[in-house]
1. What are the residues in the range 180-199 that are over 17 Å from the mean Cα position of the chain (by Cα), assigned to a helix (DSSP H, G or I) and at pLDDT 85 or above, if any?
2. Go through the range 180-194 and give me each residue that's more than 14 Å from residue 69 (Cβ to Cβ) and surrounded by 19 or more Cβ atoms within 10 Å (Cβ to Cβ).
3. Out of all the residues in the range 44-57, is one or more farther than 29 Å from residue 158 by Cβ, in contact with a helix residue (DSSP H, G or I) (Cβ under 9 Å, 6 or more places away or on another chain) and at pLDDT below 95?
4. Among the residues of the range 74-85, is any modelled with pLDDT of 65 or more, out of contact with any helix residue (DSSP H, G or I) (no Cβ under 9 Å at 6 or more places or on another chain) and not in a helix (DSSP H, G or I)?
5. Do we find that residue 126 is touching a strand residue (DSSP E or B) at 6+ places or on another chain (Cβ under 7 Å) and more than 30 Å from residue 198 (Cβ to Cβ) in this structure?
6. Residue check, residue 285 against (1) part of a helix (DSSP H, G or I); (2) over 24 Å from residue 152 (Cβ atoms); (3) within 21 Å of the chain's Cα centre (by Cα); (4) without any contact (Cβ under 8 Å) to a residue 60 or more places away in the chain, all met but one. Which one?
7. Would you pick out the residues in the range 224-237 that are surrounded by fewer than 17 Cβ atoms within 10 Å (Cβ to Cβ) and closer than 15 Å to residue 277 by Cα?
């Protein structure tokens, strides 16, 4: 549906004058619509089973609600949605994606969330725990083989990347480099002007993320301190990984879904920032790990997967690497 060219200006003026009761919601809704329109011709259609418009939900089917934005050729822009989908593929649990961004319907007000029969549940970690009980026949054999010590280490790394490392990444994506991130969402060059609708939503995202990071405590640090904290997380992952193919050994386990998803949203995005630069300059094991996980879990997909860009090419050239898998 075409949008009148003066609509964005009218929405903002109405918000300023207090004439639009749900002005923030109206601006966000319009901006998300424009973002979808701008992204539609840029990225390939996913081959993930997806509920099509007009299709009805079926009993016994697992439906996974994820954002409908899939920038830079990844299956998902959200690290937690990518984590959940990665784990579902590892576990071999069939699912159907519902793409959208209706946070009002989400049980915890955030994406992803699932539906199966009469159960609606949010939070990727709680969802995985629920599905492990719901589908015991799909438990990962490699998880069952872990020692008590390994289980503790796996939980610690899951917590670190899901609560801490991802927050450092979020500072770059949604605060310091939010306009560059939105340019990358729609395939614009770094020097291209940001369309008005994206400029509006980028400001909203920056403000909201800044408040959340301040409440968490991370946002009270300086820029350099935040990136130094994030770099230490990356070093800890690389040191623990060592020469193992996956976090806990020769086979992927549940912790790998979390680590893979967060690392992919740090290294494999077309926005340069200190954590990404540090990883490619000092921790080549992380890029190699990402390629192994992508090959082992995702296999062949229609998504082209942006895999590091110039930073990655410089590292591969420096190390004389040709086979990145």
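1. Of everything in the range 180-199, just one residue is over 17 Å from the mean Cα position of the chain (by Cα), assigned to a helix (DSSP H, G or I) and at pLDDT 85 or above, namely 199.
2. Selection gives 180 alone.
3. Among the residues of the range 44-57, at least one is farther than 29 Å from residue 158 by Cβ, in contact with a helix residue (DSSP H, G or I) (Cβ under 9 Å, 6 or more places away or on another chain) and at pLDDT below 95, which makes the answer yes.
4. No; the residues of the range 74-85 include none that is modelled with pLDDT of 65 or more, out of contact with any helix residue (DSSP H, G or I) (no Cβ under 9 Å at 6 or more places or on another chain) and not in a helix (DSSP H, G or I).
5. no
6. (2)
7. Answer for the range 224-237, where residues must be surrounded by fewer than 17 Cβ atoms within 10 Å (Cβ to Cβ) and closer than 15 Å to residue 277 by Cα: 224, 228, 232, 235.
The values are calculated or read from the model by the stated rules, or taken from the named source; none is laboratory data. Source: prediction; values computed, not measured. Heads up, the Cβs are rebuilt from the backbone with ideal geometry, glycines too, and the neighbour counts pull from every protein chain shown.
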